[in-house]
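Report on the structure given below.
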Amino acid sequence: MRAGRLIVFTGPSGVGKGTLLASLRQLHPELFVSVSATTRSPRPGEIHGQHYYFVSREEFERMVAQGELLEWAEFAGNYYGTPRKAVERHIQEGHWVVLEIELEGARQVRRSFPDALQIFILPPSLEALEQRIRQRGQDSEAAIAKRLARAKEEVAAADEFDIQIVNDDLTQALQALEAALFEPVPC
Ligand code: ADP
Ligand code: 5GP
């Protein structure tokens, strides 16, 4: 059986992580993308159990207290965390598991799973990032301001990651992502 593997996918909100992951999943349906818990409200079209598990702050705090989360962090006024059980089970079964998480969570995973492959997605510029968040059209002005402030901190930490990919042209970024995951590293 193939060995399980944990892959961490980080980058500022709006950089295109979700878009890249959706394309990657179509090409490689065997990848398991973890569904996070969050206290954020669903955006239009987001489905409980598919995009996130949308939970109350009380429920999230209970999950933290009972050790049910592999990592968690506060981001732009809400909690986000990775349910531990499904991830551990899929890795044990030999699957590749992708976590799409922000910087603080990625740092926690680096401590608990030092073998995880950590990938950081960069925007071509902060201006392009702002344009993408606005074009997505799903965040309030206050949420956009919080995301952009956090984006600067996150981009400054890109070098902590094993691999950095600039999502300028989507097709090229997807190819770089596939190469990072599936091409053998030369000795
Ligand atoms: P994230 O998951 O990182 O928050 P999304 O995948 O929701 O980001 O993408 C944010 C917006 O940027 C979406 O409207 C998406 O269509 C757009 N987008 C993603 N990648 C690119 C790209 N390479 N060039 C232009 N727009 C992009
Ligand atoms: P959004 O609200 O735009 O869906 O997500 C905001 C940020 O939270 C993104 O950077 C996203 O990667 C991150 N995020 C989503 N799920 C998790 C999680 O389970 N843990 C952590 N630490 N961050 C997450």
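Values in this text are rule-based calculations from the coordinates and carry no lab data. Note that the structure is a prediction, hence the values are computed from the model and not measured. When we count neighbours, we look across all protein chains shown, and the Cβ atoms used for this are built from the backbone with ideal geometry, even at glycine.
Remarks
- Computed from the Cα positions only, the extents of the chain along the three principal axes stand at 47, 41, 29 Å, in decreasing order.
- Dividing the summed helix terms, -39500 (n - 2.57) for each DSSP H run of n ≥ 4, by the number of residues in the chain produces a 222 nm estimate of -13000 deg cm²/dmol to the nearest 500.
- Given charges at Cβ of Lys, Arg, Asp, Glu: the chain dipole, positive-most of LEU174, TRP96, ILE163: TRP96
- Summarising the overall dimensions of region 14-62 from its C-alpha atoms, the Rg and Dmax are 12.7, 38 angstrom.
- The mean sequence distance of close C-alpha pairs (under 8 Å, at least 6 residues apart), as a share of the length of the chain, puts its relative contact order at 32 percent.
- At least 20 Å along the helix axis (C-alpha) and Kyte average at least -1.0, DSSP helices within the chain: 141-156
- Distant-in-sequence amide H partners of HIS28 (H built 1.01 Å from N, under 5 Å): none
- Sorted largest first, extent of region 105-155 alpha carbons per principal axis (Å): 37, 22, 17
- Alpha-carbon centroid distance for the pair region 119-173 / region 38-81, whole angstrom: 21
- When LYS146, LYS152 are sorted by how many other C-beta atoms sit within 10 angstrom of their C-beta, beginning with the fewest, the order is LYS152, LYS146.
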